[in-house]
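Data block below; observations after.
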Amino acid sequence: ENMLGERGQAFVIAQTRLGGGRVHHAMRTVGLVRRAFDMMCERSISRETQGELLAKKQLVQEMIADSWIEMEQYRLLVLRTAWRLDQCGSDYSKVRADISAVKAAMPKVLMNAASRSLQVHGSLGVSTEMPFLEMVLNSFVMGLGDGPTEVHKIPLARQVVSG
């Protein structure tokens, strides 16, 4: 009489309830990526090498551009997913693909932003003065926690091809 759902459906119910948590982790990741990005930009306009600011170096410009593009793409995907959750009245099955997508993209976006920022900071970037090593490690943890990233790509792909 106190059973949630049908007998034998506990895993489905548990996975459904995890959806909101995954979106919450994605929102926190947007903040971490933004922090790494801001630190990279600040470093690029405050540090000189070979007579000019790092921000004038084409490789640094490319890292800033790539990070901004990935950050904005991810941020918008997370916002869209949260909006769709609001629209469906917490019926997570309707946004399963979206939730899988933000979960699958999360580790790579954080890894890329943290790695680039670390590189722009040089040896300071690998010191305990900067958060980048912890961010890189967290990106691996995010890719494994709550199931490997690859596992979340399967329902996404299935839903995409089924329409």
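A quick yes/no check of all residues on (1) acidic (Asp, Glu); (2) without any contact (Cβ under 8 Å) to a residue 12 or more places away in the chain:
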{"position": "Gly51", "(1), (2)": "no, yes"}
{"position": "Ala65", "(1), (2)": "no, yes"}
{"position": "Glu72", "(1), (2)": "yes, yes"}
{"position": "Arg75", "(1), (2)": "no, no"}
{"position": "Tyr92", "(1), (2)": "no, no"}
{"position": "Val95", "(1), (2)": "no, no"}
{"position": "Asn112", "(1), (2)": "no, no"}
{"position": "Leu124", "(1), (2)": "no, yes"}
Among (1) open to solvent by 50 Å² or more (accessible area, probe 1.4 Å); (2) under 19 Å from the mean Cα position of the chain (by Cα); (3) polar (S, T, N, Q), Gln159 falls short only on (2)
(message) Going by what's in this entry, would Leu79 be described as open to solvent by 70 Å² or more (accessible area, probe 1.4 Å), in a helix (DSSP H, G or I) and farther than 26 Å from Ala104 by Cα?
(response) no
Item checked: Verdict on Lys94 being of a type in the set (Lys, Arg) and within 11 Å of the chain's Cα centre (by Cα) -> no
In segment 111-135, anything open to solvent by 30 Å² or more (accessible area, probe 1.4 Å) and under 20 Å from the mean Cα position of the chain (by Cα) is listed as Met111, Asn112, Ser115, Arg116, Leu118, Gln119, Met130, Leu133, Glu134
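The values are calculated or read from the model by the stated rules, or taken from the named source; none is laboratory data. Note that this is a predicted model, so its numbers are computed, not measured. We place every Cβ from the backbone using ideal geometry, glycine too, and count neighbours over all the protein chains shown. Heads up: the accessible areas ignore ligands, DNA and RNA and are worked out on the full protein's heavy atoms, side chains in. Shrake-Rupley method; radii C 1.70, N 1.55, O 1.52, S 1.80 Å.
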